[in-house]
Amino acid sequence: MSTQIDTDSDLKPRRRGIFLLPNLLTTGCVFSGFYAIVAAINQHYNHAGIAIFCAMIFDTLDGRIARLTKTESAFGKEYDSLADMVSFGLAPAIVAYQWGVARIAELGGHSWGRFGWLACFFYAVCAALRLARFNARSAHADKRFFEGLPSPSAAAIVAAFVWFSTGWHEPGLPGLFAAFVVTACAGALMVSSIAYPSFKQFNLDRRVKFIYACLIPLFLIAIWIDVPTMLLSIFGTYALSPPLLWAVRRLRRLRRAPS
C-alpha cells in the first residue's frame with residue numbers, strides 16, 4: 001500500500017512555484033547590471049566593476065539551479081539571454097563610456113572622443129550578435145566549447161580593466177586609449193569563431209590532485225590582496241590563450257608547408 005502511495009506521489013507534477021528560484025537569480029543578474037550602469041553614471045567605477053562580477057555569479061547560479069531542480073524552461077532561457085544583454089552587453093559598454101569618453105575627448109580632442117564612443121558601441125553590438133548566435137546554434141553546438149568569447153568573460157575583462165584603472169589618479173591619453181582598445185578587442189573576440197573551453201564538464205564532486213587543493217587557498221589569498229588585478233589577469237589569460245594558440249599553430253603549419 002505504501003509503495004502505491006509513493007508511486008502516485010512521484011507521478012504528481014512538480015509545483016510551478018519552484019520555477020521562481022532560477023528566475024529570481026536571473027533577476028539578480030539584471031539588477032547587478034542595472035546597478036553597474038547607475039554606479040558608472042555616478043562615477044563610482046569600482047562599484048560598477050563589482051556589480052558586473054556579481055552579475056556573473058548570478059548568471060552562473062541560475063543555470064545550475066535550474067538544472068539541479070529540473071526547472072529549465074523556454075521562458076527561463078529567453079529571460080537569461082535578455083539579462084545577459086543588460087549585464088554583459090550594455091553595462092560594460094556604458095561603464096567604459098562613462099569612465100573614459102569625456103576625459104579622452106578633453107586630452108585628445110573630439111576625434112579621440114568619437115573613437116571611444118564607437119569602441120563602446122561596437123562592444124554592445126558584438127554582445128548582441130554573440131548572444132543571438134549562441135541562441136540560434138545552442139541546440140547543435142558542442143557543449144565542451146563556446147564559439148567566440150562568452151559575453152560574461154568579455155564583460156569581466158572590460159569591468160576589471162576599468163576597476164583596475166581607477167587606481168590611477170590620471171591614466172592619461174595612453175591609458176584611456178588602452179581601455180577602449182581592450183573594449184573593442186573584447187567585442188571582436190565575442191563574434192569570432194575561435195573555440196573557447198566552456199568548463200561545463202567540470203564536476204565539483206570528482207577527485208583532484210592534492211597539489212590542486214593546496215593551490216586553491218593561495219589563489220583565494222591572491223585575489224583578496226588585489227582583486228581587480230587578479231581578475232583582469234585571469235579573464236585576460238582566458239580570452240587571449242585560444243587566439244595565441246591558434247596563431248602558434250598557424251605559424252607552425254606555414255613553416256612545415258613546402259616553399
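Nothing in this text is a laboratory measurement; each read-out follows from the coordinates by a stated rule. Please read these numbers as outputs of a predicted model, since none were measured by experiment. Heads up, the Cβs are rebuilt from the backbone with ideal geometry, glycines too, and the neighbour counts pull from every protein chain shown.
Using 0.36 nm per residue of separation minus the Cα-Cα distance, give me the extension gain between residue 67 and residue 41 in nm, one decimal.
5.7 nm
Could you bin all the Cα-Cα distances of segment 101-180 into 5 Å bins starting at 0 and give me the percent of pairs in each, rounded to whole numbers?
Result returned by the calculation: 3, 13, 20, 18, 15, 11, 8, 6, 4, 1.
Determine the sum of side-chain charges near residue 147: Lys and Arg each +1, Asp and Glu each -1, restricted to other residues whose C-beta is under 11 angstrom from that of residue 147.
+2
Can you list the residues, at least 5 places off or on another chain, whose amide H is less than 5 Å from the amide H of residue 145, using H built in the peptide plane?
Here the answer is 198, since their amide H atoms fall under 5 Å of that of residue 145.
What order do you get for 58, 121, 180 when you list them from fewest to most C-beta neighbours inside 10 Å?
Taking fewest neighbouring Cβ atoms as first place, the list is 121, 58, 180.
In what sequence do 117, 246, 163, 99 fall when counting other Cβ within 10 Å, fewest first?
Lowest to highest Cβ neighbour count: 246, 117, 163, 99.
Whose amide H sits under 5 Å from the amide H of residue 195, counting only residues 5 or more places off or on another chain, with H placed in the peptide plane?
Long-range HN contacts for residue 195: 148.
Expressed in nm to one decimal, what extension gain is obtained for the pair residue 136 and residue 246 from 0.36 nm per residue of sequence separation less their Cα-Cα distance?
Difference between extended and current length: 37.1 nm.
Output the Cα-based Rg and Dmax of segment 48-167 in Å, rounding Rg to one decimal and Dmax to a whole number.
Reported Rg and Dmax, both Å: 16.3, 55.
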